[in-house]
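The values are calculated or read from the model by the stated rules, or taken from the named source; none is laboratory data. Computed from a predicted structure; not experimentally measured. Neighbour counts run over all protein chains shown; Cβ positions are idealised from the backbone, glycine included. Each accessible area value is taken on the protein alone, full model and side chains, heavy atoms only, with ligands, DNA and RNA left out. Shrake-Rupley method; radii C 1.70, N 1.55, O 1.52, S 1.80 Å.
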Amino acid sequence: MKLRIWMILTLVLSLGSLVLISQESSEKDARVSFLTGKVQIQKAGKGPWTTLQKGDTASAGDLISTGNASKTTLLYRGSEFKVLPNTKLRISSLYNENQNGKLEVLSGFAWFQLVNLKGKKFEVSTPTTTAGVRGTAFSAFHDTKSKDSSFCTCEGKVLMTGSGDPKEGTLQEKGNGGYYPGEGGEPKRSTYEGIIVKFKSLPPFKDLMKKNISLKNCLSCHTPQGWTPEDSVPSDETYGGSKVP
């Protein structure tokens, strides 16, 4: 009888340990919660590219690449990384209790919502500019041809460090954007007050898109109201709402 009880307790403890190990492993990686079109991943940034599927994981060092009309959303500890069409994103490091996080937008457009940083720093960079954040939502864009980069802040604040910024950086608050010309020089600042209201983009936004075509990627989250876009972009749930099934 005692032997049977001991075996049952051993089995329960073993199963519990496996669950804990599984949970710890899952927190080390980002998981695909949404995907449409053709999205590929290059593990550790080298070797062959393979097709990414919903439910797959991405680790530090991996490269993510999206094709035309393709998009994916990665979840990590409650944070969201949305990779829009024709974009290449490198996961340099994923934040945890012992280290800061960093993602690199090598080309294209990506959007981020950061939560549960617990005091750790998080950076998103392009080849020319870096944004340092502490719990916020913002987008990053880089054009490989012109070398132009831009960042828009949806929530909270980001500290911009790029050509034309002071040594200590420029603090960019909610509702504002910064455009960094590839040839260098002073960045151009913009505000979206009265143009984007919560999750809706109003008619004046259409005029802005004519001057900066990359802004059409914002329509992944912000639904046009009072105007009709010429081209659509893939969209999933409004940010903060994506969940892994």
Measure off, as a whole percent, the carbon and sulfur share of the 1.4 Å-probe accessible area of the stretch 88-148, all protein chains present.
42
Among the DSSP beta bridges whose two residues both lie in the chain, what percent are antiparallel, rounded to the nearest 5?
90
So, with +1 on the Cβ of K and R and -1 on the Cβ of D and E, and no other charges, what is the size of the charge dipole of the chain about its Cα centre, to the nearest 20 debye?
500
Fully extended, how many nm does the chain gain between Phe199 and Val233 (0.36 nm per residue separation, minus their Cα-Cα distance)?
10.7 nm
Peptides 185-197, 139-151: what's the order by average Cβ count within 10 Å, highest mean first?
139-151, 185-197
Residue of Leu84, Leu106, Leu215 that the Gaussian network model of the chain assigns the largest fluctuation, springs spanning Cα pairs under 10 Å
Leu215
May I have the pair-distance distribution P(r) for the stretch 116-178, computed from all Cα-Cα distances with 5 Å bins from 0 and rounded to whole percent?
4, 19, 30, 25, 15, 5, 1, 0
Hey, can you find the accessible area per residue of the chain for me, probe 1.4 Å, expressed in square angstrom?
54
Neighbour cut-off at most 14 other Cβ (10 Å), DSSP loop, trypsin sites (Lys or Arg not before Pro), the stretch 99-131
Lys118, Lys121
Per the Kirkwood treatment, what hydrodynamic radius in Å, one decimal, follows for the chain from the mean inverse distance over all distinct Cα pairs?
19.2
Cross-link list Lys157/Lys210; Lys82/Lys210; Lys43/Lys167; Lys82/Lys216; Lys71/Lys167: which exceed 25 angstrom alpha carbon to alpha carbon?
Lys157/Lys210; Lys43/Lys167; Lys71/Lys167
